[in-house]
Amino acid sequence: MAQENKTERATPYRRRKLREEGNVAKSVEIATSLTVLTASVVLFFTGALIFKEVVGFLLAVSGMRPFEFSLQAGGVLRESFLNTVKVLVPFFVITVIVVIAAHVAQFGFVFTFKPLQFKWERINPVEGLKRILSLTTIFELSKNSLKAFLLFGIALFVVKESADLILGSAQVPIVEGVLLLVNLLFKVVLILGVVAFLIALLDFAYKRWEYERRIRMSRQEVKEELKQLEGHPEVKARIRARMREMARGRMMAEVPKASVVITNPVHIAIALRYDPEKDKAPVVVAKGKGVVAEKIVEVAQRHGVPVIRREELARTLYPAVRVGEEIPPEFYRAVAEVIAFVMFRRRKVYV
């Protein structure tokens, strides 16, 4: 379906399915810029320790005589390597945490292998050429080019402003000159990292907008999804009919346990059960109209349950109580008369 016909926002179900497939709105620029910023800050505070270890190793090795080098170089190298690793491990751990946090902040935690599944279109040269020549690829290339020119321009501006400092570093002691250049480098990287992060925020806003536009749905798709989730009306009707049939079957199974069936005369039938030892009041075990009423009367007659015709009582009692409930108090007197009549007739038959 054409994109212009997709005017509806994606439903929660569609969003959930896309998320399970790893299809979410994200910007790689966010993670990249934050990694550069974090690495710059960490290196600024740990660079001196790394530099000290490297210089210490070089000085230790350079001060050795040839016959000492073969004996002590291994130990010195191992010690310097372990000290350098101790300094670099926190750097790498912090960098990994920042990368993970940058992605989680954009779209939450998503763990899926679906993007890694093999797809033939990925090795299809025609599809690959289409992706290369697509508007998205051209846009990304233009965006990255402009960003590179912008960052290069900013770096050039900062360095130009510090030209006197760079030239003057040659007139000061070597250690002080190196520190000046390192501070300048850190300043440039930090500024570029901040600018890159601001650009990444704009890129994420665009990716979010483009993602929402891409996952939009047509009204027909929304209707079809609703049908899949809630079921087609025909299927729902069949399910309801089946449920009614099962409930009716359970209800008919209770009719033989009834004490009396009150009818009007066959349009309405209400089966009542009353056991003085168990029931506080008569309980409706089955009720129905039309065909269901006829079935109740038929089952009752087949099992010897008395069927009493009381038109007014049947009409008023039917809507007032549901199956499985006791009759309301206002019907006690009328129902008691019916049950008393049934019990009197039974005693008369037995006599």
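Any residue at all in region 230-252 that's modelled with pLDDT of 85 or more, surrounded by 15 or more Cβ atoms within 10 Å (Cβ to Cβ) and not in a loop (DSSP other than H, G, I, E, B)? Yes: region 230-252 contains one or more residues that are modelled with pLDDT of 85 or more, surrounded by 15 or more Cβ atoms within 10 Å (Cβ to Cβ) and not in a loop (DSSP other than H, G, I, E, B). On the stretch given as region 253-271, residues that are within 15 Å of Val335 (Cβ to Cβ), in contact (Cβ under 8 Å) with a residue 40 or more places away in the chain and either assigned to a helix (DSSP H, G or I) or touching a strand residue (DSSP E or B) at 6+ places or on another chain (Cβ under 7 Å) (or both) total 9. If we scan region 54-64, do we find a residue that is modelled with pLDDT of 65 or more and surrounded by 16 or more Cβ atoms within 10 Å (Cβ to Cβ)? The answer is no, given that none of the residues of region 54-64 is modelled with pLDDT of 65 or more and surrounded by 16 or more Cβ atoms within 10 Å (Cβ to Cβ). Selection of region 320-351 for residues being at pLDDT 85 or above, in a helix (DSSP H, G or I) and of a type in the set (Lys, Arg) yields only Arg333. Only residues that are in contact with a Gly (Cβ under 9 Å, 6 or more places away or on another chain) and either assigned to a strand (DSSP E or B) or acidic (Asp, Glu) (or both) were counted in region 272-319, giving 4.
The values are calculated or read from the model by the stated rules, or taken from the named source; none is laboratory data. Quick caveat: nothing in here was measured; it's all calculated off a predicted structure. Because the Cβ atoms are built from the backbone with ideal geometry, glycine has one as well, and the counts that use them run over all protein chains shown.
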